[in-house]
Amino acid sequence: MTEPISILIADDHTLFRDGLKALFDSVADTTVISEATTGAEAIQQAEKHQPDVILMDIQMPDLNGIEATRQIVQTSPHIGVIIVTMFEDDESLFAAMRAGARGYVLKGADQDEMLRTIRARDAGLG
């Protein structure tokens, strides 16, 4: 059996983080190793835990997810950052990709789509 995909959830909404954690705890091939509520905390937790994947919200206190993504991929390019947001606009998508994000999923995605996105990114497909 392979190691589960290690995940850092970076989002300032407790209910959303808790929902994602419950989803990932319910399947055998994923594990949440850390959580962050601000962009600065996401950078710190990424450096400390070196997750396989980070689910990064765009709008967070003190440092937005796009800038946090930029800083994380500069120091740890092997970490796959996936932007998770409610914004569907092209500007947010392109800004996230320019910052180094390797995926983008809407907060309204269903559980299967979220799991497919995580698994594809971990397999190097995203």
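No value in this document is a laboratory result; all are computed from the given coordinates. Since the model is a prediction, treat every value here as computed from it, not as a measurement. Glycine gets a Cβ as well: all are built from the backbone with ideal geometry, and neighbour counts include every protein chain shown.
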> When MET86, MET60 are ordered from fewest to most other Cβ atoms inside 10 Å of their Cβ, what list results?
Replying inline: MET86, MET60
>> Once the cut-off is 23 Å, how many percent of the Cα-Cα pairs in the stretch 5-122 end up in the long-distance tail?
In response: 16 percent
> Using the alpha-carbon centroid of each, what span in Å lies between the stretch 75-119 and the stretch 20-49?
Replying inline: 15 Å
>> Please give me, ordered by residue number, the GluC sites (Glu not before Pro) of the stretch 18-91 that lie in loop per DSSP and have at most 11 other Cβ atoms within 10 Å.
In response: GLU88
>> Let me check against my output: what whole-number percent is the relative contact order of the stretch 37-126, with C-alpha pairs under 8 Å and at least 6 apart?
In response: 26 percent
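If neighbour count is taken as other Cβ atoms inside 10 Å, put THR38, THR30, THR69 in order from fewest to most. Working shown, then result.
Details: THR38 19, THR30 22, THR69 30.
With the fewest neighbours first, THR38, THR30, THR69 line up as THR38, THR30, THR69.
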